[in-house]
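Asker: One structure, pasted below without further comment.
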Amino acid sequence: MKKRPFVFKVLQSRAKCVSFLFASVCLISFISCSEENDNWDDGDENCTITYVTNDNQVLISHAGTDYGANLIQTHYSNGHGKLIFDAPVTSIGETAFINAVNLVSIYLPEEVTLIGEKAFTNCINLEYVSMENKVTAIETGAFHSCHKLEDIYISTELTLIGERAFASCRNIYNMALGKKVTIIGDLAFEGCKNLISFSCESETPPQCGVNIFYGCDPRLKIYVPKDAVTAYKNAEGWKQYVDKIVGYQFDIE
């Protein structure tokens, strides 16, 4: 059983539970779209992105977005949408849903490994993202200015968080990273004014950019492995938060 500070366990449990409530249906592109069709063929879940919007309008994906597969069918009905591809979706490409202000929640397929640069930038009403456990990189500005984003499960396979990846995500109050994170870019969590609890299970402090917690809640605590506290307090990018770093005994699997 994974042992984490209490707030981590509660939030991760909740994130997994609500994924079934939020996951619905997916996207529009530049091929034919059936906007009012309740008889959907779900097909392979790995080939489908689903979403919910708040204005009964379709979600627009930017042309040329790299999903690692070709879009072959779209459906939309009553605020719920679905994109169906001809192969498993492996990435959410650069600026895929930038400025999608009507997006409320999105469920990404299991095979997705990359969230591209500015993929969800300025999705100001996005509250929930379901990412499975294969995502290894969240690139620059991927979730910048997702002001309402609160529930997001971070893959234990994640290795990279790009610059300003979660900047101005004002509603996130917990962030829990696994053992494999090696790079956190400049200002990654800038302006996350309610971020109060952050954990990183890596024994080796990830390479850390400047001011990654600039503008976060002044009560922020940074939980790291007990045996690595000294290493974090002396590492570039981390040592400016020396008074916030706390040793914690994560479970040994």
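The values are calculated or read from the model by the stated rules, or taken from the named source; none is laboratory data. Here the structure is a predicted model, which is why all the values come from computation and not from measurement. Cβ: placed from backbone, ideal geometry, glycine included. Neighbour counts: every protein chain shown. The protein model used for the area step is the full one, side chains on, heavy atoms only, and it has no ligands, DNA or RNA in it. Shrake-Rupley method; radii C 1.70, N 1.55, O 1.52, S 1.80 Å.
Asker: On the protein heavy atoms, probe 1.4 angstrom, tell me the percent of accessible surface of region 168-209 carried by carbon and sulfur.
Answerer: Carbon and sulfur: 46 percent of the exposed surface of region 168-209.
Asker: Which order do 112, 101 take by accessible area at a 1.4 Å probe, largest first?
Answerer: 101, 112
Asker: Next question, about the same structure. Using only Cα atoms, what Kirkwood radius does region 67-123 have, in angstroms?
Answerer: 12.1
Asker: Just flag the chymotrypsin sites (Phe, Trp or Tyr not before Pro) in region 95-162 sitting in loop per DSSP whose Cβ has no more than 14 other Cβ atoms within 10 Å.
Answerer: Passing both the DSSP loop test and the Cβ count: no residue.
Asker: To continue, here is another question. Any chance you could look up the accessible area of residue 164 with a 1.4 Å probe, heavy atoms only, rounded to 10 Å²?
Answerer: Around 90 Å² of this residue is reachable by solvent.
Asker: May I ask you to compute the full-extension gain from residue 56 to residue 242, defined as 0.36 nm times their residue separation minus their alpha-carbon distance, rounded to one decimal in nm?
Answerer: 62.2 nm
Asker: Just how much of residue 62 is accessible, in Å², when a 1.4 Å probe is used and the result is rounded to the nearest 10?
Answerer: About 80 Å², rounded to the nearest 10.
Asker: Hey, any idea what % of region 58-136's accessible area is carbon plus sulfur with a 1.4 Å probe?
Answerer: 47
Asker: With a 1.4 Å probe and all protein chains kept in place, how much accessible area does residue 50 have, in Å² rounded to the nearest 10?
Answerer: Number for this one is 20 Å².
Asker: I'd like the distance separating the alpha-carbon centroids of region 168-202 and region 95-131, in whole Å.
Answerer: After rounding, the separation between the Cα centres reads 17 Å.
Asker: Right, next: Select from region 194-246 those trypsin sites (Lys or Arg not before Pro) which occupy a DSSP coil region and have at most 11 other Cβ atoms within 10 Å, ordered by residue number.
Answerer: Of the trypsin sites (Lys or Arg not before Pro), the ones in loops of region 194-246 whose Cβ has at most 11 other Cβ atoms within 10 Å are 219.
Asker: For region 164-253, what is Rg from Cα atoms divided by 2.2 N^0.38 Å, rounded to two decimals?
Answerer: Against the compact-globule rule of thumb, the ratio is 0.98.
Asker: In a solvent-free Debye calculation with one equal scatterer on each Cα, what is log10 I(q)/I(0) for region 36-136 at q = 0.11, 0.15, 0.22 Å⁻¹, listed in the order of the q values?
Answerer: -0.28, -0.54, -1.25
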